[in-house]
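First up is the structure itself, then whatever we jot down about it.
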Amino acid sequence: MSREIHPDVFERVSKAVRAAAERGEREVQVVRFSSQDCTDGGRAINNFEPEWPDTLTGFAMRAYEFQQKELEPQGYKLRAQIMDFPGGVPGDVGICLRW
């Protein structure tokens, strides 16, 4: 089964952003997915290459496109990073929403 953008995504994002802001934070992780959802296995993200979004596929790509269309116009930015390195290779990718 393929992951899809949840219908109440705005409510979920608003709740997460509000809670993080109340804690004095300036970002919150909103998506986590396998680096295998990247055409390069997460290499571009790990190397902070500006074209990393071009490597996304499937749900990861849909989540990125949603952010670009719906959240970026409201001033939100993204930060992507490799969250773990099982066996020395990139594992999960975390996408954080920043404000």
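The values are calculated or read from the model by the stated rules, or taken from the named source; none is laboratory data. Being a predicted model, the structure only gives us computed values, none of them experimental. Don't worry about glycine lacking a Cβ; one is built from the backbone with ideal geometry, like all the others, and counts go over all protein chains shown.
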Query - Subset tally (residues that are of a type in the set (Phe, Trp, Tyr) and under 18 Å from Lys69 (Cα atoms)) for the stretch 2-51 - result: 1
Report summary line: Residue hits (the stretch 12-51; within 15 Å of the chain's Cα centre (by Cα), assigned to a helix (DSSP H, G or I) and not charged (D, E, K, R)) are Val13, Ala16, Val17, Ser35, Gln36, Ala44, Ile45, Asn46
Query raised in the report: Take the residues of the stretch 29-55 that are surrounded by fewer than 18 Cβ atoms within 10 Å (Cβ to Cβ) and touching a residue at least 40 places away in the same chain (Cβ under 8 Å): which is farthest from Gly75 (Cα to Cα)?
Result: Gly41
Query raised in the report: Before we move on, is Glu4 free of Cβ contacts under 8 Å to residues at least 12 places away in the same chain and more than 16 Å from Cys96 (Cβ to Cβ)?
Result: no
Query - From Phe33, Phe10, Phe48, residue being aromatic (Phe, Trp, Tyr) and at pLDDT below 95 - result: Phe10
Query - So Thr39, is it touching a strand residue (DSSP E or B) at 6+ places or on another chain (Cβ under 7 Å), among the polar types (S, T, N, Q) and within 19 Å of Arg3 (Cβ to Cβ) - result: no
